[in-house]
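For reference, the structure is listed below as structure tokens.
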Amino acid sequence: MNKKLISFVVPAYREEKNIPLFYDEFKKTFVNLQEKYDYELIFVNDGSPDKTWEEILKLCKIDENVKGINLSRNFGKEIALSAGVENAAGDAVVTTDADGQRPMHIIKTFILNWEDGNEIVYGVRKQMNRNFFRKMLSGIFNKLMTKISEVEFESGVTDFMLIDRKVVNYFTKYCDKNRIFRGIILSLGFSKQKVYFVEPPRKHGSTQWQISKLFKLATDSVTSFSIFPLKFIGYLGIFIVFFSFGLLTFMTISRFFMGNPYGITNSAFFIISNVFLSGITLSGLGIIALYIAKIHSEVLGRPLYIVDKKVNFKE
């Protein structure tokens, strides 16, 4: 019987202590699946300054099914995920993290749902090991993105998921430089199934998601999956036009027909008119600049990522 191949893509940045632990946990899990499936385990080192790549190389030497991709520098997790998926050969691809916060036993549930005909099976956290501030911002962001885009940004959704080869083939056609991996996958359509899991605590190190990276992720999400900011500035412009017209009408009537009880001066007319016009102009330019910056990034034609080394791949 020909076994199906499952590819596992694991981006890693500063995970030298977690790589061996992840591999041991993975092997314990996959031993129950090896009768029906073969695996390839693809680690993508995203320009780690520590010994993450050396740990990956050690595993490549003892297990030919372990493969390594070393990016020339840090491109970010979304790009590292894309690099791994584009190099995966499996009938299905599972994406996960190296930090031990994605429970391995869930993989069996992913595969069962895939065998039942679901082409995208994605993990949703029941609980998040995050501080209150992070949880609050995440909840607000997901609700806002669901309202203003065509993709449902469910709270707790992760890029811990299984995607069918058909989905992979369509995903690799995307050329977006500023991308949100799970956003693209979930926007493709196809049959989906969510799987809930409880996130265990991280064993070593700390999260690499800094406020600046989270802000960039949020900005890319908004500009990649919604034109709401452009619509909003249009609505704001209409509101300001009507509001300023009403205010100026009131000021005109008050000054010239009611004896000017509020002491409205010519300067007041001028200041109010210019404040509103300046505000709408600056807001419009800011939003337009954001989209122009993304267009600039896309048309430069630079590669999505640069691979320094690949190990255990058949060229």
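Looking at I227, I264, I280, I253, just one residue is surrounded by fewer than 16 Cβ atoms within 10 Å (Cβ to Cβ), of a type in the set (A, V, I, L, M, F, W, C) and at pLDDT below 80, and that residue is I227.
Go through the range 54-73 and count every residue that is out of contact with any Lys or Arg (no Cβ under 8 Å at 6 or more places or on another chain) and either within 15 Å of L21 (Cα to Cα) or not basic (K, R) (or both). Going through the range 54-73 one residue at a time, the tally reaches 13. How about the range 79-89: which of its residues are within 19 Å of the chain's Cα centre (by Cα) and within 11 Å of V44 (Cα to Cα)? Those that are within 19 Å of the chain's Cα centre (by Cα) and within 11 Å of V44 (Cα to Cα): I79, A80, L81, S82, A83, G84, V85. Only a single item in (1) surrounded by 18 or more Cβ atoms within 10 Å (Cβ to Cβ); (2) assigned to a strand (DSSP E or B); (3) out of contact with any helix residue (DSSP H, G or I) (no Cβ under 7 Å at 6 or more places or on another chain) is not met by P11, and it is number (3). If the Cβ limit is 6 Å and pairs must be 6+ apart or interchain, which residue in the range 109-120 that is in a helix (DSSP H, G or I) pairs with which residue that is among the aliphatic types (A, V, I, L, M)? Close Cβ pairs (under 6 Å, with a partner that is among the aliphatic types (A, V, I, L, M)) amount to T109/V195; F110/V121; F110/L162; N113/V121; W114/A92; W114/V121; W114/L162. Are any of the residues in the range 164-186 touching a helix residue (DSSP H, G or I) at 6+ places or on another chain (Cβ under 7 Å), modelled with pLDDT of 65 or more and assigned to a strand (DSSP E or B)? Among the residues of the range 164-186, at least one is touching a helix residue (DSSP H, G or I) at 6+ places or on another chain (Cβ under 7 Å), modelled with pLDDT of 65 or more and assigned to a strand (DSSP E or B), which makes the answer yes. Among residues belonging to the range 69-89 that are surrounded by fewer than 23 Cβ atoms within 10 Å (Cβ to Cβ) and among the polar types (S, T, N, Q), point out the one that is modelled with the lowest pLDDT. Applying the filter and picking the extreme gives N74.
The residue of the range 14-33 that is modelled with the lowest pLDDT, among those that are under 14 Å from L112 (Cα atoms) and in a loop (DSSP other than H, G, I, E, B), is N32.
The values are calculated or read from the model by the stated rules, or taken from the named source; none is laboratory data. Quantities reported herein were computed from a predicted structural model and do not represent experimental measurements. No Cβ is skipped: glycine too gets one built from the backbone with ideal geometry, and neighbour counts run over all protein chains shown.
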